[in-house]
Structure formats: C-alpha cells, structure tokens
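A.B. asks: Sharing a structure with you now.
Readers should treat all values here as calculations from the given coordinates under stated rules, not as data from a laboratory. What you are looking at is a predicted structure, and each value in this text was computed from that prediction instead of being measured. Ideal geometry is used to build each Cβ from the backbone, glycine not excepted, and the neighbour counts take in all protein chains shown.
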Amino acid sequence: QYMYDIDGCLYWAVNYWTGSEWRTSDNDFYSGDGLLLYAGHRFGIYGPIGSLRMEYIRDGIEDFEYLTMAEKLYGREEVSKVLSKVTTGVLNYTDDSKIIEAAKAELAQMIMNAEK
C-alpha cells in the first residue's frame with residue numbers, strides 16, 4: 001500500500017463462519033479467508049479471539065506507520081531505498097524473515113536517530 005499511495009484498507013468479512021468457526025470452512029474461499037476473529041467460549045474467554053491472519057494484518061499496519069514516520073523525517077526517496085530491499089512490486093518481494101526484520105530495524109534506527 002505504501003508504494004502505491006493507497007490510503008485505505010478493506011477486509012470483506014471478519015467472522016464469516018457457518019456452524020462452528022473452529023472447523024474447516026464450508027465456503028469456496030481460501031482457507032481462513034473471512035475469518036479474522038473466533039469465538040473465545042471454547043477456551044473460557046468471553047469475547048473474540050484474534051486469528052494469526054489478524055495479527056499479520058496488524059503487523060502490516062504497523063509497518064506502514066514505520067514507513068510513513070520515516071518518510072516524514074527523511075523523504076520518500078530514502079525510505080524507498082530501505083523498502084526496495086524487501087519489495088519492488090506486488091509480485092516481487094522476499095519472504096526471507098531475516099531480510100524483512102533487518103529492513104524494519106533499519107527504519108526504526110532511522111526514526112530513533114532523527115528524534116535525538
């Protein structure tokens with residue numbers, strides 16, 4: 001979203017389950033699609049439990065905030081240099097967690113250095 005100046009996020013459903021949300025979904029979508037929350041009663045929790053998918057969405061939102069903060073401090077060109085280590089487009093990206101974490105650490109260091 002950052003690379004393409006997209007300023008919104010839409011997720012079509014967060015609790016799309018039929019019957020028990022803890023069984024395999026009966027829909028024609030990808031596994032887990034439409035299921036960001038699960039009922040907590042199975043585990044003695046009154047309220048929803050977030051899914052791993054929801055945690056990853058949250059992580060992505062936090063990454064976007066890092067990029068935005070760094071851009072305000074250093075400009076888009078400098079931030080793009082860091083981002084290009086992780087991705088250069090929608091279909092061209094790394095899934096190497098070490099590279100991703102190193103880029104996040106670099107952004108964090110940039111932000112902290114600017115705040116000194």
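A.B. asks: In whole Å and largest first, what semi-axes does the C-alpha gyration tensor of the chain yield when each eigenvalue is scaled by 5 and square-rooted?
C.D. replies: One finds semi-axes of 34, 16, 13 Å for the chain.
A.B. asks: Tell me what the chain gives for mean residue ellipticity at 222 nm when only DSSP H runs of n ≥ 4 count, each as -39,500 (n - 2.57), the sum divided by the residue total, rounded to 500 deg cm²/dmol.
C.D. replies: Only helices count here, giving -14000 deg cm²/dmol.
A.B. asks: If I stretch the segment between residue 64 and residue 92 completely, what's the gain in nm (0.36 nm per residue apart, minus their alpha carbon distance), one decimal?
C.D. replies: 8.3 nm
A.B. asks: Ok, one more. About the Cα centre, and with charges only on the beta carbon of Lys, Arg (+1) and Asp, Glu (-1), how big is the dipole of the stretch 52-114? Nearest 20 debye, please.
C.D. replies: Around 80 debye, computed over the stretch 52-114.
A.B. asks: Continuing with this model, one more query. Quick check: net charge around residue 63, other residues with Cβ under 14 Å of its Cβ, Lys/Arg +1 and Asp/Glu -1?
C.D. replies: Value of the local net charge: -4.
A.B. asks: If you place +1 on the Cβ of every Lys and Arg, -1 on the Cβ of every Asp and Glu, and leave all else neutral, what size is the dipole of the chain about its Cα centre, to the nearest 20 Debye?
C.D. replies: With only Lys, Arg, Asp and Glu charged at Cβ, the dipole is about 240 debye.
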